[in-house]
Every structure is written in structure tokens, then in C-alpha cells.
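*Asks:* The following block contains the structure, expressed as C-alpha cells.
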Amino acid sequence: MGELLDAAMDPTISYDDLAIIRDLWPGKIVVKGVQNVEDSQRLIDAGVDGIILSNHGGRQLDRAPIPFRLLPEVVREVGKDATVMIDTGIMNGADIVASIALGAKFTLIGRAYLYGLMAGGRQGVDRTIAILRSEIERTMKLLGVSTLAELEPRHVTQLTRLMPLAGAPAEAVGGGAPRVRVASGTTARAPKASASASKGTGSRAKN
């Protein structure tokens, strides 16, 4: 297995190789696996059209940077110059809504479609997509928005364990699975995520 991983991940690949690809390929280039702001900026400077923030599900290093927490700063730095997308930790529709609210233009759903595929083949994948769509619509209704364009960072509070990140309101203190605060003051808890996925999200949407 180690030899297979070594063959799949060539450590000699560099920005020089990216420059060659950019010269040879006139179309769009998207780089997946970005894990910090500095690399995001450098990739855009190198002519990349889009980046996907991802730690590949934490399969290799389960303490790798959490893409969701990187998202706001990366969007501030390069969001006007490139398409910023996110992968890792997307376990339900509320996670997709939160990612869009923080500036992502697109989200990948990681392993979710594979669960549907294993359970029911093509119909299982279709069912997975239908579930995510219904969760997205329900979350947006609870937030009082009718289009993705209406979603803003104010709809999301990021949490670090039981304490909010710097700058977040004190009322946001909480823990466990991501929560969705609705206008009536009640709180709806999303299904509990797996250990690796909960590290990848750490968010709560609110109105």
C-alpha cells in the first residue's frame, strides 16, 4: 500500500510543472488539495482559474488544515480573481449552504454519493442527491432566504470546540453537530457527523 501511495503522489511536482501545463493548455485549470492562503495566492498568480480547498477527507493526515475554516480568508484574498471551491466535511445540505454563505462557488460532496452508490447503485446516487437538495432547501427556508445569492457570512458562525472563533458573537457558544438557528428562536440539530467529518466542518448556520 505504501508503494502505491508513493506512486500516486509524486513529491517532485512543483510550480515549474504547473507553468509548463499552463503554457500547453489554453483552457481552464483547477487545482485541488489547497490547504493555506499562501498557496492559494501563488496558484492564482501562476494562472490557475480555480482552486479547491481540500485535505482529501483527512485520509493521510487527520490533523490537516480544515478547509471550511480556511474558506473565509481564502475568499477574501483571491475570491475576486478565481473560483474558490471546497471539499471535505460536506455531510449534509446545511454544510453546503454554510460553504456557499462563506463565499464558496461550488462544493464537492466527497464520499456521500459513494454511500448511495453502495446502497442502491444509480438509484442510490439519485436518492443521495435528492436528500441533499431537500436539506439545502429546508436550511434556506429556515434562514429566510430564497436564493443562493442571498446567503452571506452573517448566516454562519464557526466554532472551535465550545468557543467561537475570534470575532464571533458570544451567543454562538455551542458544540456537537452543526446547528441551524431559526427565526423563532428554536434550534434544529443536524444529524451527528463522523469524527473526521465533524473536524472538517465545525460550523453553525444561523439567521
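*Asks:* For segment 78-95, name all the residues that are among the β-branched types (Val, Ile, Thr) and closer than 11 Å to PHE68 by Cβ.
*Replies:* Taking segment 78-95 as the starting set, the residues that turn out to be among the β-branched types (Val, Ile, Thr) are 78, 83-84, 86, 88, 90.
Listed by number, the residues that qualify are ILE86, THR88, ILE90.
*Asks:* Select from segment 10-33 the residues that are assigned to a loop (DSSP other than H, G, I, E, B) and touching an Asp or Glu at 6+ places or on another chain (Cβ under 7 Å) and write down the one among them that is surrounded by the most Cβ atoms within 10 Å (Cβ to Cβ).
*Replies:* Here is the first cut: in segment 10-33, the ones assigned to a loop (DSSP other than H, G, I, E, B) are 10-14, 25-29.
If we keep only those that are touching an Asp or Glu at 6+ places or on another chain (Cβ under 7 Å) as well, we get 28-29.
Numbers: LYS28: 9, ILE29: 16.
So the residue we want is ILE29.
*Asks:* So which of ALA64, ALA104, ALA98, ALA7 ends up being assigned to a helix (DSSP H, G or I), aliphatic (A, V, I, L, M) and surrounded by 12 or more Cβ atoms within 10 Å (Cβ to Cβ)? If you could, list the steps in order and put the result at the bottom.
*Replies:* Values: ALA64 fails: assigned to a helix (DSSP H, G or I); ALA104 fails: assigned to a helix (DSSP H, G or I); ALA7 fails: surrounded by 12 or more Cβ atoms within 10 Å (Cβ to Cβ).
ALA98 is the lone residue from the list that is assigned to a helix (DSSP H, G or I), aliphatic (A, V, I, L, M) and surrounded by 12 or more Cβ atoms within 10 Å (Cβ to Cβ).
*Asks:* A follow-up question, please. Select, from THR128, THR107, THR139, THR157, the only residue that is over 29 Å from VAL78 (Cβ atoms) and either touching a helix residue (DSSP H, G or I) at 6+ places or on another chain (Cβ under 6 Å) or among the polar types (S, T, N, Q) (or both).
*Replies:* On the way: THR107 fails: over 29 Å from VAL78 (Cβ atoms); THR139 fails: over 29 Å from VAL78 (Cβ atoms); THR157 fails: over 29 Å from VAL78 (Cβ atoms).
Selected residue: THR128, the only one of THR128, THR107, THR139, THR157 that is over 29 Å from VAL78 (Cβ atoms) and either touching a helix residue (DSSP H, G or I) at 6+ places or on another chain (Cβ under 6 Å) or among the polar types (S, T, N, Q) (or both).
*Asks:* Something else now. Just give me the residues in segment 42-59 being crowded, with 16+ Cβ neighbours inside 10 Å and under 18 Å from GLU77 (Cβ atoms), in sequence order.
*Replies:* Within segment 42-59, LEU43, ILE44, VAL48, GLY50, ILE51, ILE52, LEU53, SER54 qualify.
Only the coordinates and a few stated rules stand behind these numbers; no lab work does. These figures come from a predicted structure and were not determined experimentally. No Cβ is skipped: glycine too gets one built from the backbone with ideal geometry, and neighbour counts run over all protein chains shown.
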